[in-house]
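One structure is given below, represented as C-alpha coordinates, and several questions about it will come after.
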Amino acid sequence: MKFLGVYVDQHLTWSPHIDQIANKVAKNSGIIKRISHLLSPKVLITLYYSMIYPYLSYCNVVWASNYCSRLSRLIILHKRIIRIVSLSKYRDHTQPLFHKLGLLNLNQITTLQLSILMFKSINKLLPPDFIKLTSLNSEYHQYNTRYCSLPRSEFARTNYRKFTIKCCGPSAWNNLPLNIRNCTSYFLFKKNLRLWLLSLSS
(Lines give C-alpha, C1' and ligand atoms only; values in the text may rest on other atoms or scores of the structure.)
Protein backbone atom coordinates (compact mmCIF):
# COMPACT_ATOMS: atom_id res chain seq x y z
CA MET A 1 0.00 0.00 0.00
CA LYS A 2 1.23 3.50 -0.83
CA PHE A 3 0.71 6.08 1.91
CA LEU A 4 1.99 9.65 1.54
CA GLY A 5 4.52 8.51 -1.05
CA VAL A 6 5.83 5.61 1.05
CA TYR A 7 5.19 1.98 0.09
CA VAL A 8 4.19 0.01 3.19
CA ASP A 9 4.39 -3.78 3.00
CA GLN A 10 2.68 -6.20 5.36
CA HIS A 11 5.92 -7.19 7.15
CA LEU A 12 7.31 -3.64 7.38
CA THR A 13 10.53 -4.59 5.61
CA TRP A 14 10.27 -1.43 3.44
CA SER A 15 11.77 -3.42 0.56
CA PRO A 16 9.16 -2.27 -2.01
CA HIS A 17 9.78 1.36 -1.08
CA ILE A 18 13.56 0.96 -1.20
CA ASP A 19 13.29 -0.73 -4.61
CA GLN A 20 11.10 2.12 -5.84
CA ILE A 21 13.63 4.69 -4.66
CA ALA A 22 16.50 2.74 -6.23
CA ASN A 23 14.71 2.67 -9.59
CA LYS A 24 14.12 6.44 -9.52
CA VAL A 25 17.70 7.17 -8.44
CA ALA A 26 19.05 4.90 -11.19
CA LYS A 27 16.90 6.62 -13.82
CA ASN A 28 17.86 10.13 -12.72
CA SER A 29 21.53 9.16 -12.41
CA GLY A 30 21.45 8.08 -16.05
CA ILE A 31 19.97 11.42 -17.07
CA ILE A 32 22.63 13.36 -15.16
CA LYS A 33 25.36 11.11 -16.56
CA ARG A 34 24.39 11.89 -20.17
CA ILE A 35 24.74 15.64 -19.68
CA SER A 36 27.47 15.73 -17.02
CA HIS A 37 30.22 16.62 -19.54
CA LEU A 38 28.30 19.76 -20.49
CA LEU A 39 27.76 21.13 -16.99
CA SER A 40 29.86 22.73 -14.27
CA PRO A 41 30.38 20.99 -10.89
CA LYS A 42 28.12 23.56 -9.21
CA VAL A 43 25.24 22.76 -11.58
CA LEU A 44 25.80 19.03 -11.12
CA ILE A 45 25.49 19.39 -7.35
CA THR A 46 22.30 21.40 -7.84
CA LEU A 47 20.91 18.57 -9.99
CA TYR A 48 21.91 16.08 -7.29
CA TYR A 49 19.94 18.01 -4.66
CA SER A 50 16.91 18.32 -6.93
CA MET A 51 16.85 14.86 -8.56
CA ILE A 52 18.54 12.46 -6.11
CA TYR A 53 18.67 13.78 -2.54
CA PRO A 54 14.87 14.18 -2.07
CA TYR A 55 14.36 10.45 -2.62
CA LEU A 56 17.09 9.57 -0.11
CA SER A 57 15.86 11.93 2.60
CA TYR A 58 12.06 11.71 2.34
CA CYS A 59 10.72 9.70 5.32
CA ASN A 60 14.27 8.44 5.77
CA VAL A 61 13.73 7.85 9.50
CA VAL A 62 11.07 5.26 8.66
CA TRP A 63 12.69 3.06 6.02
CA ALA A 64 16.48 3.65 6.18
CA SER A 65 17.01 2.04 9.60
CA ASN A 66 17.24 -1.38 8.04
CA TYR A 67 19.44 -4.34 7.16
CA CYS A 68 22.50 -3.45 5.07
CA SER A 69 21.48 -6.14 2.57
CA ARG A 70 18.21 -4.30 1.82
CA LEU A 71 19.98 -0.97 1.43
CA SER A 72 22.97 -2.26 -0.56
CA ARG A 73 21.61 -1.45 -4.02
CA LEU A 74 20.68 2.07 -2.96
CA ILE A 75 24.11 2.62 -1.40
CA ILE A 76 25.82 1.48 -4.62
CA LEU A 77 23.64 3.79 -6.72
CA HIS A 78 24.36 6.66 -4.34
CA LYS A 79 28.10 6.12 -4.75
CA ARG A 80 27.64 5.99 -8.52
CA ILE A 81 25.93 9.38 -8.68
CA ILE A 82 28.62 10.88 -6.44
CA ARG A 83 31.26 9.74 -8.94
CA ILE A 84 29.20 11.29 -11.75
CA VAL A 85 28.74 14.60 -9.94
CA SER A 86 32.44 14.81 -9.07
CA LEU A 87 33.45 13.75 -12.61
CA SER A 88 35.50 10.91 -11.14
CA LYS A 89 36.41 7.53 -12.55
CA TYR A 90 34.18 4.47 -12.19
CA ARG A 91 36.33 2.79 -9.51
CA ASP A 92 37.36 5.87 -7.50
CA HIS A 93 36.86 5.58 -3.75
CA THR A 94 33.82 7.63 -2.75
CA GLN A 95 34.57 8.56 0.87
CA PRO A 96 36.93 11.44 -0.05
CA LEU A 97 34.49 12.46 -2.81
CA PHE A 98 31.63 12.84 -0.31
CA HIS A 99 33.85 15.01 1.88
CA LYS A 100 35.18 17.06 -1.02
CA LEU A 101 31.67 17.85 -2.30
CA GLY A 102 30.27 18.43 1.19
CA LEU A 103 27.67 15.69 0.73
CA LEU A 104 26.43 13.07 3.19
CA ASN A 105 26.29 9.35 2.51
CA LEU A 106 23.12 7.37 3.18
CA ASN A 107 24.02 6.43 6.77
CA GLN A 108 24.85 10.04 7.57
CA ILE A 109 21.59 11.23 6.03
CA THR A 110 19.76 8.79 8.32
CA THR A 111 21.67 10.07 11.37
CA LEU A 112 20.89 13.65 10.34
CA GLN A 113 17.17 12.98 9.96
CA LEU A 114 16.91 11.01 13.22
CA SER A 115 18.82 13.67 15.17
CA ILE A 116 16.66 16.47 13.78
CA LEU A 117 13.53 14.53 14.74
CA MET A 118 14.89 14.02 18.27
CA PHE A 119 15.79 17.71 18.56
CA LYS A 120 12.26 18.70 17.61
CA SER A 121 10.79 16.16 20.00
CA ILE A 122 12.94 17.22 22.97
CA ASN A 123 12.32 20.92 22.30
CA LYS A 124 8.58 20.39 21.75
CA LEU A 125 8.61 21.54 18.13
CA LEU A 126 6.43 18.65 16.96
CA PRO A 127 2.66 18.14 17.20
CA PRO A 128 1.59 16.85 20.65
CA ASP A 129 1.13 13.27 19.42
CA PHE A 130 4.77 13.12 18.32
CA ILE A 131 6.52 14.98 21.13
CA LYS A 132 6.72 11.90 23.37
CA LEU A 133 8.69 9.80 20.94
CA THR A 134 10.90 8.84 23.82
CA SER A 135 11.33 9.43 27.54
CA LEU A 136 14.27 10.77 29.54
CA ASN A 137 16.31 8.70 31.98
CA SER A 138 15.29 11.12 34.75
CA GLU A 139 11.69 9.87 34.42
CA TYR A 140 12.82 6.41 35.60
CA HIS A 141 15.09 7.38 38.52
CA GLN A 142 15.87 10.40 40.71
CA TYR A 143 19.67 10.05 40.69
CA ASN A 144 21.58 13.06 39.37
CA THR A 145 23.79 11.14 36.94
CA ARG A 146 25.48 12.46 33.81
CA TYR A 147 22.95 10.59 31.66
CA CYS A 148 19.77 11.63 33.49
CA SER A 149 18.87 14.29 30.91
CA LEU A 150 19.42 11.99 27.92
CA PRO A 151 16.64 10.10 26.09
CA ARG A 152 16.23 6.57 27.33
CA SER A 153 17.11 3.82 24.86
CA GLU A 154 14.34 1.25 24.83
CA PHE A 155 15.07 -2.45 24.99
CA ALA A 156 14.68 -4.26 21.66
CA ARG A 157 14.41 -8.02 21.58
CA THR A 158 14.11 -8.20 17.79
CA ASN A 159 15.74 -6.30 14.96
CA TYR A 160 12.37 -5.03 13.78
CA ARG A 161 11.97 -3.34 17.16
CA LYS A 162 15.59 -2.15 17.04
CA PHE A 163 14.94 -0.42 13.68
CA THR A 164 12.04 1.66 15.04
CA ILE A 165 12.36 5.39 15.73
CA LYS A 166 11.91 4.86 19.48
CA CYS A 167 15.08 2.76 19.52
CA CYS A 168 17.16 4.39 16.76
CA GLY A 169 16.29 7.96 17.75
CA PRO A 170 17.74 7.93 21.29
CA SER A 171 20.78 6.00 20.07
CA ALA A 172 21.53 8.59 17.37
CA TRP A 173 20.95 11.49 19.77
CA ASN A 174 23.08 10.09 22.60
CA ASN A 175 26.02 9.60 20.21
CA LEU A 176 26.10 13.30 19.28
CA PRO A 177 28.77 15.58 20.80
CA LEU A 178 27.61 17.54 23.85
CA ASN A 179 27.99 20.94 22.16
CA ILE A 180 25.57 19.87 19.41
CA ARG A 181 23.00 18.42 21.81
CA ASN A 182 23.08 21.66 23.82
CA CYS A 183 22.17 23.86 20.84
CA THR A 184 18.92 25.75 21.43
CA SER A 185 18.55 27.11 17.91
CA TYR A 186 17.21 24.66 15.32
CA PHE A 187 19.20 26.20 12.47
CA LEU A 188 22.42 26.25 14.50
CA PHE A 189 21.82 22.66 15.58
CA LYS A 190 21.29 21.52 11.99
CA LYS A 191 24.36 23.40 10.76
CA ASN A 192 26.67 22.05 13.49
CA LEU A 193 25.28 18.55 13.09
CA ARG A 194 25.94 18.55 9.36
CA LEU A 195 29.49 19.86 9.82
CA TRP A 196 30.16 17.17 12.43
CA LEU A 197 28.88 14.42 10.14
CA LEU A 198 31.03 15.70 7.29
CA SER A 199 34.09 15.71 9.54
CA LEU A 200 33.58 11.98 10.19
CA SER A 201 34.17 11.22 6.50
CA SER A 202 37.37 13.29 6.23
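The values are calculated or read from the model by the stated rules, or taken from the named source; none is laboratory data. The model shown is predicted, which means the values in this text are computed figures rather than measured ones. A quick note on method: Cβ atoms are made from the backbone with ideal geometry, for glycine too, and the neighbour counts reach across all protein chains shown.
Which residue pairs have Cβ atoms closer than 7 Å, lie 6 or more positions apart in sequence or on different chains, and pair a first residue in the stretch 1-24 that is at pLDDT 85 or above with a second residue that is in a helix (DSSP H, G or I) and of a type in the set (Lys, Arg)?
From the stretch 1-24, the pairs are Thr13/Arg70; Ser15/Arg70; Ile18/Arg70; Ala22/Arg73.
Let me ask something else about it. Just checking, does the stretch 102-119 include any residue being at pLDDT below 90 and either in contact with a Pro (Cβ under 9 Å, 6 or more places away or on another chain) or hydroxyl-bearing (Ser, Thr, Tyr) (or both)?
yes
Now for a separate question. Say we look at the stretch 152-202 and pick out the residues that are aromatic (Phe, Trp, Tyr) and part of a helix (DSSP H, G or I); which of these is modelled with the lowest pLDDT?
First, pick out the residues of the stretch 152-202 that are aromatic (Phe, Trp, Tyr): 155, 160, 163, 173, 186-187, 189, 196.
Applying the additional criterion that residues be part of a helix (DSSP H, G or I) yields 160, 173, 186-187, 189, 196.
Values: Tyr160: 78, Trp173: 86, Tyr186: 92, Phe187: 93, Phe189: 94, Trp196: 93.
The residue in question is Tyr160.
Do you know which residues across the stretch 44-92 are outside any loop (DSSP other than H, G, I, E, B), closer than 16 Å to Ile31 by Cα and among the polar types (S, T, N, Q)?
Result: Thr46, Ser50.
Now, a different point. Given the structure, is Ile35 part of a helix (DSSP H, G or I), over 17 Å from the mean Cα position of the chain (by Cα) and without any contact (Cβ under 8 Å) to a residue 12 or more places away in the chain?
On the way: part of a helix (DSSP H, G or I): yes; over 17 Å from the mean Cα position of the chain (by Cα): yes; without any contact (Cβ under 8 Å) to a residue 12 or more places away in the chain: yes.
Yes.
While we're on this one: Can you tell me which residue among Val85, Val62 is under 30 Å from Tyr160 (Cα atoms), in the same structural domain as Asp9 (by TED's automatic domain parsing) and surrounded by 15 or more Cβ atoms within 10 Å (Cβ to Cβ)?
Val62
Exactly one condition in (1) under 30 Å from Cys183 (Cβ atoms); (2) not assigned by TED's automatic domain parsing to the domain that holds Phe187 is not met by Gln113; state its number.
Evaluating Gln113 over (1) under 30 Å from Cys183 (Cβ atoms); (2) not assigned by TED's automatic domain parsing to the domain that holds Phe187 leaves (2) as the failure.
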